[in-house]
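**Student:** Just dropping this structure here.
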Amino acid sequence: MNDKLKLLAQSAFAIPGMMATAQAAGPVDTEASYRYSYYSEDDSPAARDDSGGAQDRYKIQVHQFHLLTPLTDKLAVTVEGSYETMAGASPVYTYIPAGEEEVTAHFSGASQEQRYDLSVSGRLYGATSDLGASAYISVERDYLALSGSVDGSVQLNDQMTTLSGGVSGGYDFIEPTSVYAAGSTEQAANEPARFGASGQTKWQVSLFEGISQIIDMNTVAQASLAFTYKNGYLSDPYRDCPYAIDVPCDIRPSTRAIGTLNLGLRKFLPGLNGALHADYRLFLDTWDIASHTLDFDYYQNWAPDWGFFTANDIKFQLIPGIRYYLQSNSYFYEVPDLNDSIGGMVYNTDTSRYYASDPRLAQYGAIALKTRLKVDFRQFSLVGALERYVANPDYGFNSSDIPGLPSYWRFTTGLDYRF
């Protein structure tokens, strides 16, 4: 690859939103960023709620902070943190009431909860390679998560090919909260899932390998494989069902192996000064869930050739996109039918060991429409994004009733500063 072609390729993919494929050294400038996101789920339909009224579902606000600073021309450190508040009702269980035929959901309201996240990472840059390591902690009232990772990449074939890989691991501590005292016989009888989850832990390890290939100065193809293994308490301790007297409503296997395949194409369109991103992800796990995700984004760049805009280096980037998601149900997903209840057991023999009525484990599909806007002004960048997500069993070629699937709006805004 000659020097001119290298410059053209790097120039094309240096456009925000395009992946850079060659980096001879670490970042030069310090970058500081802030993001605010507001997430709002649609209220539950009153007709499908056993309370007889609509429930005000989750509202989440997230504040995110990012700081990247080069310590030398070969070493950079990144610190990221977030603060999240959430409140609202969520589906605790779904079931078919005695004497009825339609699936009904029971929602449980939640007081305001908080979560704090912090991660620190460092990256060492070589002429055609880089190596990074990171540590992460997440704290909630009833949850503590710790994790770390190591990853790196190397460029081959005259920097036309980039190979990347990494490993990560995490360990979580679970302590569900309740109005009952720890060890209470009342809790054991009425909230068996929370009672059984107290003091439980889980861990996971993940591996990934990826490749990125420059096809020509305007086209890059990407592929990656990842494998994750989880072990420990993987059930949802808050999905208790008082109608199943003998069992809680959520008992999942204590192990889960996950494999993912990601394919991507980045195409710069010189005539439009824009770029097309196309991505596909295949997800498979040992719970018999298979999912497919198709994601398309178009990056339209515009730099007005007017005095004020050129003098202040003002540029715009508009990014509309669409995502489609489809998944099958887990082998232990089942909606309990109280019409078949015998002695409190409301599950059939196929799921007598593991069972869950969590709609996220059902067969369904989802469509998301999204748009983002970025405005560069000298060393500042103002960003905004809006997303509408709708989950529906019909989108997943499933005619079953699955109340409790979320649909939401999400709004994000923020500011980047380079110095």
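The values are calculated or read from the model by the stated rules, or taken from the named source; none is laboratory data. Fair warning: this is a prediction, and the values are worked out from it, not measured in the lab. Don't worry about glycine lacking a Cβ; one is built from the backbone with ideal geometry, like all the others, and counts go over all protein chains shown. We work out accessible area using only protein heavy atoms, side chains counted, and drop any ligands, DNA or RNA first. Shrake-Rupley method; radii C 1.70, N 1.55, O 1.52, S 1.80 Å.
**Student:** Could you list the chymotrypsin sites (Phe, Trp or Tyr not before Pro) in segment 304-341 that lie in coil according to DSSP, counting only those with at most 16 other Cβ atoms within 10 Å of their Cβ? Please report the intermediate quantities before stating the final value.
**Tutor:** Working: sites: TRP306, PHE308, PHE309, PHE316, TYR324, TYR325, TYR331, PHE332, TYR333; in loops: TRP306, TYR331, PHE332.
Passing both the DSSP loop test and the Cβ count: TRP306, TYR331.
**Student:** Next question, about the same structure. Just grab the label-to-label distance for VAL79 and PHE296, each label 7 Å out from Cα along the Cβ direction, in nm (one decimal).
**Tutor:** That separation, rounded to one decimal, is 4.3 nm.
**Student:** To continue, here is another question. Return the carbon/sulfur percentage of the accessible area of segment 220-334, one whole number, probe 1.4 Å, all protein chains in place. All intermediate terms of the calculation are to be shown ahead of the outcome.
**Tutor:** Values: 3600 of 5410 Å².
Carbon with sulfur: 67 percent of the solvent-accessible area.
**Student:** Here is a follow-up. Ordering MET86, MET217 from largest to smallest accessible area (1.4 angstrom probe), what's the sequence? Don't skip to the answer; put the middle values down first.
**Tutor:** On the way: MET86 25, MET217 60 Å².
Ranked list, largest accessible area first: MET217, MET86.
**Student:** Given points 7 Å out from each Cα along the Cα-Cβ axis, report the LEU71 to LEU261 separation in nanometres with one decimal.
**Tutor:** 4.1 nm
**Student:** Then there's this: First measure r as the distance between the Cβ atoms of LEU338 and PHE173, then evaluate 1/(1 + (r/R0)^6) with R0 = 35 Å and state the FRET efficiency to the nearest 0.05. Show your work: numbers first, answer last.
**Tutor:** On the way: r = 35 Å, r/R0 = 1.01.
According to the calculation, E is roughly 0.50.
**Student:** Ordering ILE367, ILE96 from largest to smallest accessible area (1.4 angstrom probe), what's the sequence? Walk me through the numbers before you get to the answer.
**Tutor:** Working: ILE367 65, ILE96 25 Å².
Ranked list, largest accessible area first: ILE367, ILE96.
**Student:** Where does each of ARG239, ARG388, ARG141 land when they are ordered by accessible area, with a 1.4 Å probe and the largest first? Intermediate values should be presented prior to the final figure.
**Tutor:** Numbers: ARG239 5, ARG388 60, ARG141 150 Å².
Sorted by accessible area, descending: ARG141, ARG388, ARG239.
**Student:** Points 7 angstrom from Cα along the Cβ direction at PHE309 and LEU144: gap in nanometres?
**Tutor:** So the label points at PHE309 and LEU144 sit 5.3 nm apart.
**Student:** Right, next: From zero outward in steps of 10 Å, how is the percent of C-alpha pairs of segment 32-144 spread across the bins?
**Tutor:** In whole percents, the pair-distance histogram is 12, 28, 22, 17, 12, 7, 2, 0.
**Student:** Expressed in nm to one decimal, what extension gain is obtained for the pair ILE215 and ARG378 from 0.36 nm per residue of sequence separation less their Cα-Cα distance?
**Tutor:** Working: separation 163, 0.36 × 163 = 58.68 nm, distance 3.23 nm.
Extra length available between ILE215 and ARG378 comes to 55.5 nm.
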